[in-house]
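Trainee: Input: one structure, supplied below.
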Amino acid sequence: MSLLKGKFAIVTGAASARGLGKATAKLFADHGATVAILDLDADAAKAAAADLGAEHVGLACNVTDKAACDAAVADLNKRWGRIDILVNNAGITQPLKIMEIGPGNYDAVLDVNLRGTLYMSQAVIPGMREQKSGSIVNLSSVSAQRGGGIFGGPHYSAAKAGVLGLTKAMARELAPSNIRVNAICPGFIATDITAGKLTPDMLGTIIESIPMGRAGEASDVAGCALFLASDLSSYCTGTEVDVNGGSLIH
């Protein structure tokens, strides 16, 4: 079944081989979408796109740079004529305590996670308004909901909580144009960001706190993104979908 046949999708921060973005881009491609992978590293983005197949595109884009976001979207509009889906996946985290957060730490984490989500969305919205359709999927985190988690410091929780507020406000404003905006809140997912940062004891403690008894996989988040990107979720906007194995039930 091809849920995204004939659709054109952007996934930001999607070059990392085991990351959520790459898994999402691959699942979208498997369901018939033409995908653009945006990442800081042009070569990595191109290689990741080539992995998916010849018709997919890899572009360098620093999501904290508004002009770069606009330029990437202009390039894709020229190639494709339209953009149907945006997944704002680009993000960074820092494991700092409240008193350790310096101005540079705050700026870095807020800029990539929150400002980047705004700038990329602003770049695609005019085209989506014109075509009277679109789906934007924003990556938040369980740490926004429960006030911190395993890795991210308070500034990460703040940024990801900001993503939820932005998602809901965008959903309300864009609904009359038939543009849907939803957020995903992943719990503990086994990715490159989490690999190597945990002792077996720490990992055991985390798994014990998850009712489903396992870490999430990148594919678990990708499946949710596919649902939100596709017409299966045509009456969902402004939602936050928890992908956490039951670790936060609220």
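Trainee: Restricting to region 77-114, name every residue that is in contact with a Gly (Cβ under 9 Å, 6 or more places away or on another chain) and in a helix (DSSP H, G or I).
Mentor: Of everything in region 77-114, those that are in contact with a Gly (Cβ under 9 Å, 6 or more places away or on another chain) and in a helix (DSSP H, G or I) turn out to be N77, I98, E100, N105, V109, L110, V112, N113, L114.
Trainee: Give the residue that is surrounded by the most Cβ atoms within 10 Å (Cβ to Cβ), with candidates limited to residues of region 216-250 that are hydrophobic (A, V, I, L, M, F, W, C) and touching a Gly at 6+ places or on another chain (Cβ under 8 Å).
Mentor: A218
Trainee: Only one of P211, P176, P200, P186 is of a type outside the set (K, R) and within 19 Å of the chain's Cα centre (by Cα). Can you tell me which?
Mentor: That would be P186, the only listed residue that is of a type outside the set (K, R) and within 19 Å of the chain's Cα centre (by Cα).
Trainee: Given the conditions (1) buried (at least 24 other Cβ atoms within 10 Å of the Cβ); (2) in contact with a Ser or Thr (Cβ under 8 Å, 6 or more places away or on another chain); (3) over 27 Å from L4 (Cα atoms), report the number of the one that T167 does not fulfil.
Mentor: With (1) buried (at least 24 other Cβ atoms within 10 Å of the Cβ); (2) in contact with a Ser or Thr (Cβ under 8 Å, 6 or more places away or on another chain); (3) over 27 Å from L4 (Cα atoms) applied to T167, the lone miss is (3).
Only the coordinates and a few stated rules stand behind these numbers; no lab work does. Worth saying up front: this structure is predicted, and the values here are computed from it rather than measured. Please note: Cβ atoms are built from the backbone with ideal geometry, for glycine as well, and neighbour counts cover all protein chains shown.
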